[in-house]
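Single-structure report; data block below.
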Amino acid sequence: MTDLAGAVWRKSTRSGGSGGDCVEVADNLPGVVAVRDSKDPNGPALTFRAGTWSAFVRAVSRRG
């Protein structure tokens, strides 16, 4: 289990300022990227190896 105590969470700049429901990402942890639901900040988070997350972001960027 990854310790997320030092995670710095951020939302996409495309989420707007209306406080809508978004995914938040913490990419400041060594070798790990964490993802959570902004509606439930104390709830569970998914964690991915940094390389796996980078590959996912590249793939999504090519499609969008």
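Within the range 6-16, the residues that satisfy the criterion of being surrounded by 14 or more Cβ atoms within 10 Å (Cβ to Cβ) and under 15 Å from ASN28 (Cα atoms) are ALA7, TRP9, LYS11. Going by the structure shown, is ASP3 out of contact with any helix residue (DSSP H, G or I) (no Cβ under 6 Å at 6 or more places or on another chain) and surrounded by 14 or more Cβ atoms within 10 Å (Cβ to Cβ)? Judged against the criteria, ASP3 is not a match. A count restricted to the range 1-60 and to residues that are over 10 Å from the mean Cα position of the chain (by Cα) and in a helix (DSSP H, G or I) stands at 13. Within the range 1-42, being of a type in the set (D, E, K, R) and at pLDDT 85 or above holds for ASP3, ARG10, LYS11, GLU24, ASP27, ARG36, ASP37, LYS39, ASP40.
Checking each residue in the range 26-64 for being loosely packed, with under 13 Cβ neighbours inside 10 Å, polar (S, T, N, Q) and within 18 Å of SER15 (Cβ to Cβ) picks out only SER61.
The values are calculated or read from the model by the stated rules, or taken from the named source; none is laboratory data. Quantities reported herein were computed from a predicted structural model and do not represent experimental measurements. Note that each Cβ is placed from the backbone with ideal geometry, even for glycine, and that neighbours are counted across all protein chains shown.
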